[in-house]
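The numbers here are math on the coordinates, done by the rules we state, and not lab data. Since the model is a prediction, treat every value here as computed from it, not as a measurement. FYI the Cβ positions are ideal-geometry reconstructions off the backbone, even for glycines, and counts take in every protein chain you see.
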Amino acid sequence: MSDKRELDPNKIPRHIAIIMDGNGRWARKRKLPRVMGHKAGADSVKDIVKAAYELGISYLTLYAFSTENWKRPPLEVQALMGLLRSFFGDGVDSLVQKKIRLHCIGQLEQFSGDLQKLIKQAVSDTDKAAGSARGLTLTLALNYGGRAEIVRAARMLAEKCCLGEIASQDISEDVFAAHLYTVGQPDPDIIIRTGGESRLSNFLLWQASYAEMYVTRVMWPDFRRADLIEAIQDYQGRERRYGKTGEQVLNSR
Ligand code: IPE
Ligand code: IPE
Ligand code: MG
């Protein structure tokens, strides 16, 4: 694929995470209701999942609904739930065909029973289809909040301490990370935010510690394969130092 040739195959990020923002502004610019922006955003999801799969990305995490998004007008929340229902209902076939494994993170237990059922079914269908394939894992962050995730992990560890299953001095960064929703996944290499805002909005707070940030003014419903490739190219030009000096990084190559 020609666009694949523009990328350095040795520096393909393993994990790309995206804050899909700008649906409302995209719609407002077109004098459409905000909900139409969310609908159009669903097409970007399909396109980007396909592109990530074709580019050989191992993990793609999409921020679809935050713990704070419940504060939106009830009709908008309802419409977003409807879009999730149709994604988990009909959108899963293409994942099954490509052996893309679906994973969901967040407080799923707060969703309605029927949506929870659809999510469970979709996850298990893709899991069965993927088998031992080591292709793309698509993670959807739904009713997800980074702080809530950290508090949940702290609570789990506190309970284990009370039960004598773990000693407090044995709680390391690795042990803590093993109690997060993202256990078993590498941290994101790059976090892309569409819509132009430079903030994390409670997304992957723990996991983002050394992610490269990439903010684009492109609104999510306009974000396509070419924009993803541009973001990866930008990432490939960065020097990841992890606290070391630039010279140390050069010498270790
Ligand atoms: C992102 O787009 C979608 C969700 C947060 C669910 P927004 O709806 O936040 O769009 P803007 O930021 O208002 O343009
Ligand atoms: C972040 O977008 C959440 C998702 C993309 C799901 P928001 O639009 O909710 O973020 P803020 O409110 O601008 O920080
Ligand atoms: Mg927004």
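Just how large is the dipole of segment 1-84 about the Cα centre, in debye to the nearest 20, putting +1 at every Lys and Arg Cβ and -1 at every Asp and Glu Cβ? Walk me through the intermediate numbers first.
Working: 15 positive and 9 negative charges, 80 e Å.
About 380 debye.
So if each residue of separation counts as 0.36 nm, and I subtract the Cα-Cα distance between SER252 and GLN110, what length gain in nm does that give?
Numbers: separation 142, 0.36 × 142 = 51.12 nm, distance 4.72 nm.
Additional length available on full extension: 46.4 nm.
For the pair ARG14 and ASP47 in one chain, pulling the backbone fully straight at 0.36 nm per residue adds 10.0 nm over the alpha carbon distance.
Comparing Cα centroids, segment 201-248 and segment 152-192 end up 25 angstrom apart. Here the dipole of the chain is about 720 debye; that uses its Cα centre as origin and unit charges on the Cβ of Lys and Arg (positive) and Asp and Glu (negative).
Per DSSP H run of n ≥ 4, the term is -39500 (n - 2.57); total these for the chain, divide by its residue number, and report the mean residue ellipticity at 222 nm rounded to 500 deg cm²/dmol. Before the final figure, lay out the partial values.
Working: 10 runs with 113 residues, N = 253.
Taking each H run of at least 4 residues, the total per residue is -13500 deg cm²/dmol.
Residues with beta-carbon under 12 Å from that of ILE19, excluding ILE19: net charge, scoring Lys, Arg +1 and Asp, Glu -1? Please report the intermediate quantities before stating the final value.
On the way: positive: ARG193, ARG199; negative: ASP21, GLU197.
Combined, the nearby Lys, Arg, Asp and Glu give 0.
Dipole check for segment 132-253: with +1 at the C-beta of Lys and Arg, -1 at the C-beta of Asp and Glu, and the Cα centre as origin, the magnitude is about 200 Debye. Ordering of 37-48, 14-25 by packing is 14-25, 37-48, highest average first (other Cβ atoms within 10 Å, averaged per residue).
Strictly greater than 14 Å: what percent of every Cα pair in segment 1-68 meets that? Walk me through the numbers on the way to the answer.
Values: 1494 of 2278 pairs.
Summing the P(r) tail past 14 Å for segment 1-68 gives 66 percent.
Could you tell me what % of all Cα pairs in segment 191-239 have separations over 17 Å?
Values: 427 of 1176 pairs.
Tail fraction, whole percent: 36.
Per residue, the convex hull spanned by the Cα atoms of the chain amounts to 154 cubic angstrom. Tell me which DSSP H helices of the chain clear both cut-offs, 30 Å or more of axial length from alpha-carbon atoms and a mean Kyte-Doolittle hydropathy of at least 0.5. Long hydrophobic helices here: none detected. Which of the listed residues, LEU7, ILE171, LEU84, is farthest toward the dipole's positive end in the chain, when Lys, Arg count +1 and Asp, Glu count -1 at the beta-carbon? My answer, from the dipole projection, is LEU84.
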